[in-house]
Amino acid sequence: MDSETVRRVALLARIELSEEEIASYSEDLRDILEHFSLLDELEGLEDYGFNPVEVADVLRDDEPRQDIPAELLMRDMDTYQDYVRGPRLS
């Protein structure tokens with residue numbers, strides 16, 4: 001990774017780095033990226049994920065249903081022609 005990219009990232013992260021630190025981070029990040037590029041060359045990794053626990057969608061589809069009869073719910077409400085009445089707005 002070049003030193004200009006390190007400077008730009010440090011500026012965005014609001015980190016003040018000396019020229020020695022920029023050179024050091026540039027070399028370290030270049031080494032790290034090289035190691036990751038070696039992992040990209042390995043065969044058979046498409047079968048493996050990084051998460052040891054399988055992630056599955058555990059949400060169910062929403063299906064409308066009414067567990068409590070509407071008449072029972074509206075029994076104690078102020079209604080007019082099966083509409084719930086609220087306070088008058090001015």
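Just so you know, all these numbers are worked out from the coordinates, no wet-lab data involved. These numbers were taken from a predicted model, which means no experiment stands behind them. Here the Cβ is made from the backbone with ideal geometry for all residues, glycine too, and neighbour counts use every protein chain on show.
Quick notes on this one:
- Applied to region 68-76, the Karplus parametrisation 6.51 cos²θ - 1.76 cosθ + 1.60 on θ = phi - 60° returns per-residue 3J(HN,Hα) values of 10, x, 4, 4, 5, 5, 8, 4, 9 Hz, with x for Gly and Pro.
- Working note: 222 nm ellipticity from helices only, DSSP H runs with n ≥ 4, each -39,500 (n - 2.57), summed and divided by the residues of the chain, gives -13500 deg cm²/dmol to the nearest 500.
- Measure of compaction for the chain (Cα Rg per 2.2 N^0.38 Å): 2.53
- Rounded to 10°, Cα long-axis angle of helix 19-41 versus longest principal axis of the chain: 70
- The chymotrypsin sites (Phe, Trp or Tyr not before Pro) found in region 41-90 that occupy coil by DSSP, while having at most 15 further C-beta atoms within 10 Å, are 48, 50.
- Computed from Cα atoms, the angle from the helix 3-12 axis to the main principal axis of the chain rounds to 30 degrees.
- Sites matching trypsin sites (Lys or Arg not before Pro) across the chain that sit in DSSP coil, with at most 12 neighbouring C-beta atoms within 10 Å: 14, 60, 65, 75, 85, 88
- Three principal axis lengths of region 3-42 [C-alpha, angstrom, descending]: 37, 19, 12
- Using Cβ point charges alone (K and R +1, D and E -1), the dipole size of region 10-90 about the Cα centre works out to roughly 1160 debye.
- Charge dipole (debye, nearest 20) of region 3-42; +1 at Cβ of Lys and Arg, -1 at Cβ of Asp and Glu: 280
- Ranking of 68, 32 by neighbouring Cβ atoms within 10 Å, starting from the fewest: 68, 32.
- Taking GluC sites (Glu not before Pro) across region 1-31, the ones in a DSSP loop with at most 11 further Cβ atoms lying within 10 angstrom of their Cβ are 16.
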